[in-house]
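Chemist: Before anything else, here's the structure in question.
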2 protein chains.
Amino acid sequence: MTISSSQQPSVASSSPAVSAGAGMSEADLLARLFRALGDPTRVQLLTLLLDHEQTVSDLVEAVGAPQGRISTHLGCLRWCGLVTGRREGRQMIYAVTDQRVRDLLSIASAVLRDYAAQVATCGVVG
Amino acid sequence: MTISSSQQPSVASSSPAVSAGAGMSEADLLARLFRALGDPTRVQLLTLLLDHEQTVSDLVEAVGAPQGRISTHLGCLRWCGLVTGRREGRQMIYAVTDQRVRDLLSIASAVLRDYAAQVATCGVVG
DNA sequence: TCGGTATATTCGTATATTCGTATATGTTTG
DNA sequence: CAAACATATACGAATATACGAATATACCGA
């Protein structure tokens with residue numbers, strides 16, 4: 001056995017777009033990480049999990065989005081190491097365990113307190 | 001006095017897609033902020049400016065991308081408050097003045113030290 | 001093993017974002 | 001004022017990303 005808890009979810013090898021592997025610069029990686037954080041649904045999930053661990057069903061209800069979408073986004077977050085998940089019976093329990101994720105959200109939130117209006121109207125991020 | 005240096009750059013009111021204004025949740029705003037950070041060129045610019053302030057020409061040469069693209073991305077970063085810019089003669093000098101931007105990049109970089117491989121291969125962020 | 005519950009994955013389509021190229025604006029100098 | 005330099009903006013094409021709907025998989029209890 002190589003991996004204990006956060007094993008890589010089998011994210012479907014269908015998409016031929018993810019070669020990535022080698023020649024990826026630090027800037028590319030940072031950008032990817034920030035993009036993983038750059039979706040409202042994923043941010044909402046993280047915010048909810050910041051409080052306490054929750055099942056997918058809990059999150060589906062809290063967010064009010066279809067279960068498939070929630071699972072997909074949780075899969076992304078988990079794959080990237082931003083949340084952890086463990087199975088308990090037939091349900092999956094997700095949580096934010098990395099303090100740095102908490103910090104990223106906290107700092108970003110602080111930035112927004114100063115620049116919310118600007119960020120809200122930036123024409124580049126649609 | 002409300003704002004000292006970082007005034008809103010006239011980002012061209014052509015694009016009719018940015019209504020935004022009111023009903024935008026905290027999650028939406030956070031996601032937008034992270035998306036502003038979620039581009040390799042913009043990250044590269046921030047990283048370069050982290051060191052010391054630089055002109056657009058400097059950045060164009062350092063990044064190796066066409067000037068138009070650099071300006072566009074700088075405009076986005078500036079609009080969102082992530083960099084500041086001042087004109088000196090015929091050139092613009094950009095800088096990162098907000099410590100929190102530094103922190104965001106630093107923490108994200110730390111996360112990558114643990115999860116670079118995962119982030120690099122996440123199928124959701126292409 | 002079967003049915004039901006909980007979660008994960010696939011896929012086509014709609015939308016968002018980036019890029020390259022061309023052009024416009026602002027600033028200094030001759 | 002014209003020319004040159006530095007930067008900003010516009011725009012169509014290419015690509016990336018999110019979504020809804022449908023389906024597949026995992027687990028539990030009878």
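None of the figures in this text is laboratory data; all of them are computed from the coordinates on show. Note that the structure is a prediction, hence the values are computed from the model and not measured. Neighbour counts run over all protein chains shown; Cβ positions are idealised from the backbone, glycine included.
Chemist: Can you list the trypsin sites (Lys or Arg not before Pro) in segment A:54-126 that are in a DSSP coil and have 13 or fewer other beta carbons within 10 angstrom?
Modeler: On the way: sites: A:Arg69, A:Arg78, A:Arg86, A:Arg87, A:Arg90, A:Arg100, A:Arg102, A:Arg113; in loops: A:Arg90.
Here the trypsin sites (Lys or Arg not before Pro) that fit, given the DSSP loop and packing criteria, are A:Arg90.
Chemist: Below 8 Å, C-alpha to C-alpha, sequence gap of six or more: please give me the relative contact order for segment A:29-116 in percent.
Modeler: Numbers: 76 pairs, mean separation 24.3, N = 88.
The value is 28 percent.
Chemist: Another one. Please report the net charge: other residues with Cβ closer than 14 Å to the Cβ of A:Arg32, K and R +1, D and E -1.
Modeler: Its environment carries a net charge of 0.
Chemist: Based only on other Cβ atoms within 10 Å, what is the fewest-to-most ordering of B:Glu53, A:Glu61?
Modeler: A:Glu61, B:Glu53
Chemist: Calculate the dipole size of segment A:29-116 relative to its Cα centre from +1 charges on Lys and Arg beta carbons and -1 charges on Asp and Glu beta carbons; express the result in debye to the nearest 20.
Modeler: Values: 11 positive and 9 negative charges, 67 e Å.
Charge dipole, segment A:29-116, about its Cα centre: 320 debye, nearest 20.
Chemist: Give me B:Tyr94, A:Tyr115 sorted ascending by neighbouring Cβ count inside 10 Å, so fewest comes first. Could the numbers behind the result be given before it?
Modeler: Numbers: B:Tyr94 23, A:Tyr115 19.
In order of increasing Cβ crowding within 10 Å: A:Tyr115, B:Tyr94.
Chemist: How many Å³ per residue does the convex hull of the Cα positions in segment B:33-119 occupy?
Modeler: 97
Chemist: Another question, then. Treating the beta-carbon of each Lys and Arg as +1 and of each Asp and Glu as -1, no other charges, what is the dipole magnitude of segment B:22-68 about its Cα centre, to the nearest 20 debye? Let's see the in-between values first.
Modeler: On the way: 3 positive and 7 negative charges, 40 e Å.
Computed charge dipole of segment B:22-68: roughly 200 debye.
Chemist: Continuing with this model, one more query. Would you please give the FRET efficiency between B:Asp114 and A:Ser25, computed as 1/(1 + (r/R0)^6) with r the Cβ-Cβ distance and R0 = 22 Å, to the nearest 0.05?
Modeler: Working from the Cβ atoms, E equals 0.80.
Chemist: Among B:Trp79, B:Leu45, B:Tyr115, which residue has its Cα furthest toward the positive end of the charge dipole of segment B:33-119, with +1 on Lys/Arg Cβ and -1 on Asp/Glu Cβ?
Modeler: Comparing the listed Cα positions along the dipole, B:Trp79 ranks first.
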